1. In region 32-58, which residues are surrounded by fewer than 15 Cβ atoms within 10 Å (Cβ to Cβ) and farther than 30 Å from G94 by Cα?
2. Please give the strands (runs of 3 or more DSSP E) falling wholly within region 1-86 in which 1 or more residues are among the charged types (D, E, K, R) and without any contact (Cβ under 8 Å) to a residue 24 or more places away in the chain.
3. Give the number of residues within region 19-50 that are within 16 Å of the ligand (Cβ to nearest atom) and under 19 Å from N78 (Cα atoms).
4. Look at region 51-73 and say how many of its residues are more than 16 Å from the ligand (Cβ to nearest atom) and among the aliphatic types (A, V, I, L, M).
Amino acid sequence: MLLYGLRAAKTGHQNLYGVKCTNCEAQGAMEMHSYSKYLHILRIPFLPVKKVVVTQCNRCRQVLSKKKFSPDLLNRLNEMKKPLIGIPVWQFTGILLVSIIIALGVYKTMKRNNGSTVIVLIQQQKNKT
Ligand SMILES: [Zn+2]
């Protein structure tokens with residue numbers, strides 16, 4: 001079992017009607033898929049790292065990465081940007097847990113030291129006078 005690493009989660013897909021495949025020239029057989037890669041620690045999603053968008057032709061199975069998108073595909077990607085490529089909130093679970101633990105630690109430390117800090121301040125003022 002890996003303690004940490006990168007994993008990918010599918011965040012969306014959409015049929016690309018009206019787009020012609022550059023390989024087999026089939027009309028309407030293209031789909032766009034988006035993935036979000038995230039860092040995990042003990043399989044707990046910690047932090048999203050990278051978004052990946054690819055197209056796949058359902059007829060010839062050619063997969064294109066974003067670097068090889070035609071201007072038409074890039075326009076389609078920009079039109080559907082938010083719902084397709086948004087980062088899922090659950091990928092911030094690890095950061096949220098660590099933040100809560102740190103906040104609780106700071107709160108408990110402040111609560112524990114609060115009384116003794118006041119006593120030290122009073123003693124310092126008495127020593128000055
Ligand atoms: Zn094709």
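Readers should treat all values here as calculations from the given coordinates under stated rules, not as data from a laboratory. Model, not experiment: these values are computed from the prediction. As a convention, Cβ positions derive from the backbone with ideal geometry for all residues, glycine included, and neighbour counts pool all protein chains shown.
1. N58
2. Working: elements: 4-16, 30-41, 44-57, 63-65.
Output list reads 44-57.
3. To start, the set of residues in region 19-50 that are within 16 Å of the ligand (Cβ to nearest atom) comprises 19-33.
Among the residues that remain, those that are also under 19 Å from N78 (Cα atoms) are: 19-21, 28, 30-33.
Here the count works out to 8.
4. Just the residues of region 51-73 that are more than 16 Å from the ligand (Cβ to nearest atom), to begin with: 51-53, 66-67, 71.
Checking which are among the aliphatic types (A, V, I, L, M) leaves us with 52-53.
So the count comes out to 2.
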